[in-house]
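Asker: I'd like to ask some things about the structure below.
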Protein chains: 2
Amino acid sequence: MKSKNETKIVSESGSQEIIITREFEAPRELVFKAYTEPELVKQWLGPKGYEMHIDKYDAKSGGEYRYIHTAEGEEYAFRGVFHEVSAPETIIQTFEFEGAKGHVSLETATFEALPDNRTRVTGSSVFQSIADRDMMLRSGMEIGVREGYERLDEILEKGLVK
Amino acid sequence: MKSKNETKIVSESGSQEIIITREFEAPRELVFKAYTEPELVKQWLGPKGYEMHIDKYDAKSGGEYRYIHTAEGEEYAFRGVFHEVSAPETIIQTFEFEGAKGHVSLETATFEALPDNRTRVTGSSVFQSIADRDMMLRSGMEIGVREGYERLDEILEKGLVK
């Protein structure tokens, strides 16, 4: 399914951050739920063709998460802590790919209610260095983000988020 | 007490980070302890003349902390989560002043063993924006950091960290 909503990814030269903006055809409460309930998260987070196994996903302030993406026999594990989860507006968390241990980013997702029951999500990632930020860009994260959001469109459209 | 060890604070124009470097006349294991054991932390963290009340300080991967600095009847509360605590080398945590809620930084402290039982601590703070970084610099944090490290010199010299 090709979405009418474009995923905008901005990463200025010489900066330590990536800013991603995306709109969804669903109310803010539902989009927020899709970000915080593990049974929903595993249905959309990450690139197409990946299985997501959730080790833990305690989406509350002070909670931890860890999940593993699997494709073609390869495993990619990610972990972090939730600094703040304030429904339905804000999620602030750390993020680390266990394959690049010690390289951690701080992720802030802001959920904004738009007219007509639509939602805008703005995600900012700040990295410990410009080199870390550039490593993330080279990792193919853009495809994963775009495809993940298309999968999220689908589960929202199918009414799987209630 | 005037320390012979200088606190170097580097914050380049247009960057989202602050890098602080400081050496101590004590072995790495002890300096690391002084950063992670709440009864020690409260004896040095923050500017001179402040009382530190620790609400929680669970310095382990996935743990939370919250403390309140008090001076002249004013209270300043800080909170965050520990993404990683790996003795005696690395502490990665989030940091938020509750008086500026929603403005969070990612702090990485690296402890390096030097010859003669000395230790170098490198602390990096990355902020969600350049404006946030500049707000932190204007807050007088430099004085707090320098004075805190002088207090840490003292408790190390007095043999209070074992």
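Asker: May I have the count of lysine pairs in region B:12-149 with C-alpha atoms under 20 Å apart, counting pairs 8 or more residues apart or located on different chains? Don't skip to the end; give the middle numbers.
Answerer: On the way: B:Lys33/B:Lys42; B:Lys33/B:Lys56; B:Lys33/B:Lys60; B:Lys42/B:Lys56; B:Lys42/B:Lys60; B:Lys56/B:Lys101.
Close lysine pairs under the 20 Å cut-off: 6.
Asker: Further question on the same structure: Please determine, in degrees from 0 to 90 and to the nearest 10, the orientation of helix B:141-157 with respect to the longest principal axis defined by the Cα atoms of chain B, where the helix direction is its Cα long axis.
Answerer: 20 degrees
Asker: How much length is gained on full extension from A:Glu112 to A:Val10, taking 0.36 nm per residue of separation minus their Cα-Cα distance?
Answerer: On the way: separation 102, 0.36 × 102 = 36.72 nm, distance 1.86 nm.
My answer for the length gained is 34.9 nm.
Asker: If we count other beta carbons within 10 Å of each Cβ, what is the order of B:Thr110, B:Thr119, fewest first? Provide the component values of the computation, followed by the final result.
Answerer: Values: B:Thr110 15, B:Thr119 21.
Result, fewest neighbours first: B:Thr110, B:Thr119.
Asker: With θ set to phi - 60° and the Karplus curve 6.51 cos²θ - 1.76 cosθ + 1.60, what are the ³J(HN,Hα) couplings of region B:60-67 in order, to the nearest whole Hz, using x for Gly and Pro?
Answerer: With coefficients 6.51, -1.76 and 1.60, one gets 9, 4, x, x, 10, 9, 7, 9 Hz.
Asker: With springs only between Cα atoms under 10 Å apart, run a GNM on chain A and tell me which of A:Glu147, A:Glu72, A:Glu12 wobbles the most.
Answerer: Evaluated over chain A, the most mobile residue of the options is A:Glu72.
Asker: Quick check: from the Cα gyration tensor, does region A:40-119 come out rounded (a/c under 1.5), prolate or oblate? Could you put the intermediate results ahead of the total?
Answerer: Working: a/c = 2.23, a/b = 1.40, b/c = 1.59.
In terms of gyration-tensor shape, oblate.
Asker: Listing A:Thr94, A:Thr7, A:Thr70 from the residue with the fewest other Cβ atoms within 10 Å to the one with the most, what is the order? Let's see the in-between values first.
Answerer: Values: A:Thr94 25, A:Thr7 18, A:Thr70 15.
Placing the least packed residue first, the sequence is A:Thr70, A:Thr7, A:Thr94.
Asker: Mind putting a number on the dipole of the protein assembly as shown about its Cα centre? Charges go on the C-beta only, +1 for Lys and Arg and -1 for Asp and Glu, and I need it in Debye to the nearest 20. Present the calculation step by step, with values, prior to reporting the outcome.
Answerer: Numbers: 42 positive and 60 negative charges, 6 e Å.
Using Cβ point charges on Lys, Arg, Asp and Glu, the protein assembly as shown gives about 20 debye.
Asker: If you put a point 7 Å past Cα along the Cβ direction, how far is that point for A:Ala77 from the same point in each other copy, in nm, smallest first?
Answerer: Sorted ascending, the copy-to-copy spacings read 3.5 nm.
Asker: Percent relative contact order of region A:1-114, based on C-alpha pairs within less than 8 angstrom and at least six residues apart? Could the numbers behind the result be given before it?
Answerer: Values: 198 pairs, mean separation 17.4, N = 114.
Answer for region A:1-114 is 15 percent.
Asker: Label position 7 Å from Cα toward Cβ: report the copy-to-copy distances for A:Lys56 in nm, one decimal, ordered from shortest.
Answerer: Result for A:Lys56, in nm, nearest copy first: 1.3.
Asker: Set the Förster radius R0 to 30 Å, insert the Cβ-Cβ distance between A:Tyr76 and B:Ser86 as r into 1/(1 + (r/R0)^6), and round the FRET efficiency to 0.05.
Answerer: 0.90
Asker: So how do B:Tyr76, A:Tyr149 line up by other beta-carbon neighbours within 10 Å, fewest first?
Answerer: Numbers: B:Tyr76 16, A:Tyr149 21.
Sorted ascending by nearby Cβ count, the order is B:Tyr76, A:Tyr149.
Asker: Determine the distance separating the Cα centre of region B:6-25 from the Cα centre of region A:70-134; give it in Å without decimals.
Answerer: 26 Å
Asker: Same structure, new question: How far apart are the A:Thr110 label points across copies, placing each 7 Å from Cα toward Cβ, in nm, shortest first?
Answerer: Reported distances to equivalent positions: 3.1 nm.
No lab work stands behind these numbers, since they all come straight from the coordinates. All figures in this text were calculated on a predicted structure; none of them were measured in a lab. All Cβ positions, glycine included, derive from the backbone under ideal geometry; neighbour counts span all protein chains shown.
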